[in-house]
Every structure is written in structure tokens, then in C-alpha cells.
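The values are calculated or read from the model by the stated rules, or taken from the named source; none is laboratory data. Since the structure is predicted, the reported quantities are computational estimates derived from the model, not experimental observations. For neighbour counting, all protein chains shown are included, and Cβ atoms are generated from backbone atoms with ideal geometry for every residue, glycine included. Protein only, heavy atoms only, side chains kept; ligands, DNA and RNA dropped before computing areas. Shrake-Rupley method; radii C 1.70, N 1.55, O 1.52, S 1.80 Å.
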Amino acid sequence: MKAKEHITDLFFDLDHTIYDFDKNSALTFQSVFSDLKLEGTQNFMTHFKPINDYYWEKYAREEITSDFLRYGRLKDTFDAIQVNVSDDHIADYFIENLTNYNHLFRDAHETLNHLKSKYRLHIITNGPEKVQEKKLKNSKLEHYFETVTNSERAGVKKPHPGIFKYALSQANADPQNSLMIGDNIKADIHGALNVGMHVIWFNEFQLENTDNITEIHHLKQLLDLL
């Protein structure tokens, strides 16, 4: 990565980058299904993850609403495992209980604590404001970040340049001095590059890196780059 000596501000995605959404979702669904005594859900998460990713991509492209995402991803998952339930009820139950589980990716606190001594830290997220605020609070992440930008406040979602410009304005930061760290190559990485920010791809699953983007597989690797 070039010009790291000029970086003053680091912008992080939250879900799938710092907050382990998949692990916390699995624990939440396990609890919800147990409370509801729902059977036949052993393969739920196997189907939920790709369906959820698909719905979030459509949401980022402004093709569906947040309500359609919340309920549609569950309907499709239950259809896939052939279980009949009230999707609306479980969708609300899931959101209400998700922040009871707040696992972060390995070394998240250590990494953020070190970086905070050298840079100003920020969040840019497409997630709903109230839920994301609870995640940050319950995960004891709030104190690391000077600003938190969400798509509800910005009025647009990543990768739209508007949300990055809004976040930069809130942080009083210049794009050439700012770096975005996120897991989604389209929403986080290409979105940030399009407004002139530097980027590091959190490529947890070591997907093919066709753009030769600077990448990490574990959060602590940031300390070797920054």
C-alpha cells in the first residue's frame, strides 16, 4: 500500500469486518429456534449465509427495502430447508435478540486499541442505525470511533459515493488521507476507491484478488501495514 505515512483517518465496515455477524447470527437463530421449539433447522445457516449476502447486495443497489431484506431472506431460507413458519415473527425476534451475542473477529480490541493511538477511527455501515448502535455498545466498541456513518443518515448505501463523502465530511477528513477497511469488494473497496480513498480488503475467506488490492486475512495484520 502506498503513502501510508499520509494516512490520518481509518474507516471500517462493521459487519463481517469487526463484528462477526455470521457467528452471532448462528447463535441467535439457535436461541430463537430453541425458544420456539422449531425443528428441522439443522441446515439453516448453510442456506441463510448466501441468501443473506444476495439480499444485502440487492439492498445496496437500492433494489429492495430494508423490510423486504429482513423478511425475504428468512422466507427464502425456510423455503430452502422446507420448514413452514411465520417469517415475520422470527425476523423481528431475530433482530431483537441479535445483539445478545457480540463476538468480534480475533484480536479486534487489541488491533483497534493500537490503531487508535496513531489514527482517527470511524465506521461506515449499511446496517440499520439502532441495531448498529446496539452492536457497538454491547461489543464495547463505541470508544474507539470518533464518527459512525450509517446509510440511513447518509441517505444512500455503500458503494454509492454519497455515503463515503458524507462520512468524510462528518470526520472532517480528506479522501487522500483516508483509508477504508472492509470485507465487501464492491461496497467497501470499490466504493471507497471511487472517491479517492486508500483501501485494505479484509479478505477473510481468501477469495481471488483479481484487482491486486492490498488485503489482510486477520485484523491483526493491519498492524504490519499501518
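Which pairs turn up if I take residues in region 197-210 that are over 11 Å from residue 17 (Cβ atoms) and at pLDDT 95 or above and look for partners that are among the hydroxyl-bearing types (Ser, Thr, Tyr) and part of a strand (DSSP E or B) with beta carbon separation below 6 Å, at least 6 apart in sequence or on another chain?
What qualifies is 197/178.
What are the residues in region 38-62 that are of a type in the set (S, T, N, Q), surrounded by 13 or more Cβ atoms within 10 Å (Cβ to Cβ) and either free of Cβ contacts under 8 Å to residues at least 24 places away in the same chain or closer than 19 Å to residue 188 by Cβ (or both), if any?
52, the sole residue that qualifies.
Just to be sure before I move on: is residue 35 under 23 Å from the mean Cα position of the chain (by Cα), open to solvent by 20 Å² or more (accessible area, probe 1.4 Å) and at pLDDT below 95 in the structure I sent?
no
Does at least one position in region 70-83 carry a residue that is within 17 Å of the chain's Cα centre (by Cα) and either of a type outside the set (D, E, K, R) or open to solvent by 50 Å² or more (accessible area, probe 1.4 Å) (or both)?
Checked against the condition, which is being within 17 Å of the chain's Cα centre (by Cα) and either of a type outside the set (D, E, K, R) or open to solvent by 50 Å² or more (accessible area, probe 1.4 Å) (or both), region 70-83 yields at least one hit.
Return the residues of region 137-151 that are assigned to a helix (DSSP H, G or I), open to solvent by 20 Å² or more (accessible area, probe 1.4 Å) and within 27 Å of residue 58 (Cβ to Cβ); say none if nothing qualifies.
If the condition is that a residue be assigned to a helix (DSSP H, G or I), open to solvent by 20 Å² or more (accessible area, probe 1.4 Å) and within 27 Å of residue 58 (Cβ to Cβ), then no residue fits.
Give region 152-197 a look and list any residue that's of a type in the set (S, T, N, Q) and in a strand (DSSP E or B), or say none.
Once the filter is applied, which keeps residues that are of a type in the set (S, T, N, Q) and in a strand (DSSP E or B), region 152-197 yields only 178.
Say we look at region 152-195 and pick out the residues that are in contact with a helix residue (DSSP H, G or I) (Cβ under 9 Å, 6 or more places away or on another chain), of a type in the set (S, T, N, Q) and open to solvent by 10 Å² or more (accessible area, probe 1.4 Å); which of these is nearest to residue 127 (Cα to Cα)?
So the residue we want is 184.
Please work out which residue is nearest to residue 157 (Cα to Cα), limiting yourself to region 110-136 and to residues that are part of a loop (DSSP other than H, G, I, E, B) and among the polar types (S, T, N, Q).
The selected residue is 126.
For every residue, the table says whether it meets (1) of a type outside the set (S, T, N, Q); (2) touching a Ser or Thr at 6+ places or on another chain (Cβ under 9 Å); (3) in contact (Cβ under 8 Å) with a residue 12 or more places away in the chain.
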| position | (1), (2), (3) |
| --- | --- |
| 64 | yes, no, no |
| 72 | yes, no, yes |
| 98 | yes, yes, yes |
| 111 | no, no, yes |
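I'd like to verify a number: residues in region 1-32 that are touching a Lys or Arg at 6+ places or on another chain (Cβ under 7 Å), open to solvent by less than 20 Å² (accessible area, probe 1.4 Å) and of a type outside the set (D, E, K, R), how many?
Going through region 1-32 one residue at a time, the tally reaches 2.
Take region 211-223 and flag every residue that is out of contact with any strand residue (DSSP E or B) (no Cβ under 7 Å at 6 or more places or on another chain), under 22 Å from residue 20 (Cα atoms) and open to solvent by 40 Å² or more (accessible area, probe 1.4 Å).
217, 218, 220, 221, 223
Looking at (1) out of contact with any Leu (no Cβ under 6 Å at 6 or more places or on another chain); (2) closer than 30 Å to residue 173 by Cβ; (3) not acidic (Asp, Glu), can you tell me which one residue 59 breaks?
Condition (1) is where residue 59 drops out.
Looking only at region 9-25, count every residue that is over 9 Å from the mean Cα position of the chain (by Cα) and farther than 13 Å from residue 112 by Cα and tell me the total.
Result for region 9-25: 4.
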